[in-house]
Amino acid sequence: MENLDWSALGFSYNKTDFNVRYAFTDGKWSEMEITSDEYVKIHMSAYCLHYGIELFEGLKAFRGVDGKVRLFRVEENAKRLISSAERLCLPVPTVEMIVDACIEVVKRNERFIPPYGTGASFYLRPVMFGTTAGLGVKPSQDALLVVYGSPVGAYFKEGIKPISVVIDRDQDRAAPRGTGDVKVGGNYAASLLSGERAHKMGYSNVIYLDAAEHKYIEECGAANFFGIKEGKYITPKSPSVLPSITNKSLRQLAADMGLTIEERHIPVEELPTFEECGACGTAAVISPIGKIFDLQTEEKYDYGTEVGATCMKLYTQLQDIQYGRAEDKYGWCTIVL
Ligand SMILES: Cc1ncc(COP(=O)(O)O)c(C=O)c1O
């Protein structure tokens, strides 16, 4: 195993031994190529550079309590990658190609998979982009799909703790019928300025509202939003929200715990009625939300400094499955090593 200070790792790129690639040229996909080269050579006029014809995914592999390495819900990420590729008129890989690539990257970089108990994990980043050289705005005929990984540190170094976020109406992340429901780079480019503004003000993240009316909660940074009240797990239903795989998993666990699941509009006025709320995604599983400050109305919402009981239970149950401490009754994990 690599001699890294696993507990000091953050969320940043650490070089590993191998990445894998598939190229789509002349109307067909290549075989999987396994390489140590961290660079890709593309034409300066490649469509991805000009028109943002780019998409990506993010998922994790965990070394469990039993020493086994589990990849969490990789087929779901593969399906979401395919929906992003379709939306950008890119060549579409198969679920099998993506799953095989992720497994190969985990296997080939075993020495970078953090030991159990460090809170660190192995993050996989599939990324795909249009490589055809051209000038006019049109779909790319050719593409490169790369899957690489990096060990990343525990999200909460001192244990799970509530975050403070802002509501910002000055900038929207994604438009109705735009690309908010797929994982394409442009969405993240659009979110940077509001994110930076929030960070400068000392907040961890931005809650985006629906772009059409600024009435309903959409997402919280690169994570889905949920609220808990009266035995219900409530999460926004919107065509411009990315379908989070963590949220999907939490909905299942919440239902199993006896909570009622509601996927619907969440008006901003409903915020004070939540007993707990949180942001959920691969990075942190759950970031409980302690405070929300509305930049424009100056309204404040306070959920306290302690992690709510439901958030804690959901967080623990999901991590128990990821680390092999609890039965994986839905078959979410692929044991790779
Ligand atoms: C905009 C956005 N929403 C939600 C999520 C959470 O999705 P997942 O749980 O699949 O990581 C992510 C991260 O992938 C994201 O980028």
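The values are calculated or read from the model by the stated rules, or taken from the named source; none is laboratory data. Because the structure is a prediction, the values reported are computed rather than measured. Here Cβ is always computed from backbone atoms with ideal geometry, including for glycine, and neighbour counts include all displayed protein chains. We work out accessible area using only protein heavy atoms, side chains counted, and drop any ligands, DNA or RNA first. Shrake-Rupley method; radii C 1.70, N 1.55, O 1.52, S 1.80 Å.
Being within 23 Å of LEU124 (Cβ to Cβ) and surrounded by fewer than 16 Cβ atoms within 10 Å (Cβ to Cβ) is true for just one of LYS157, LYS183, LYS161, LYS200. Which residue is that? Please lay out each step first, then the result.
Working: LYS183 fails: surrounded by fewer than 16 Cβ atoms within 10 Å (Cβ to Cβ); LYS161 fails: within 23 Å of LEU124 (Cβ to Cβ); LYS200 fails: within 23 Å of LEU124 (Cβ to Cβ).
LYS157 is the lone residue from the list that is within 23 Å of LEU124 (Cβ to Cβ) and surrounded by fewer than 16 Cβ atoms within 10 Å (Cβ to Cβ).
Considering only region 136-148, I want to know if a residue exists there that is in a strand (DSSP E or B), within 16 Å of the ligand (Cβ to nearest atom), crowded, with 21+ Cβ neighbours inside 10 Å and in contact (Cβ under 8 Å) with a residue 60 or more places away in the chain. Outline the logic, then answer.
Here is the first cut: in region 136-148, the residues in a strand (DSSP E or B) are 143-148.
Cutting the leftovers down to within 16 Å of the ligand (Cβ to nearest atom) gives us 147.
Next, only the ones that are crowded, with 21+ Cβ neighbours inside 10 Å stay: 147.
From what is left, the residues that are in contact (Cβ under 8 Å) with a residue 60 or more places away in the chain are 147.
Checked region 136-148: at least one residue is in a strand (DSSP E or B), within 16 Å of the ligand (Cβ to nearest atom), crowded, with 21+ Cβ neighbours inside 10 Å and in contact (Cβ under 8 Å) with a residue 60 or more places away in the chain.
Restricting to region 255-294, give me the number of residues that are in contact with a Lys or Arg (Cβ under 6 Å, 6 or more places away or on another chain) and part of a strand (DSSP E or B).
Here the count works out to 7.
Which residues, taken from region 182-235, are on the phi > 0 side of the Ramachandran plot and within 13 Å of the ligand (Cβ to nearest atom)?
Narrowing region 182-235 to residues on the phi > 0 side of the Ramachandran plot: 202, 214, 221, 230-231.
Within region 182-235, GLY221 is the sole residue that qualifies.
Quick one: ARG177 ticks every box in (1) open to solvent by 50 Å² or more (accessible area, probe 1.4 Å); (2) modelled with pLDDT of 95 or more bar one, so which box is it?
(2)
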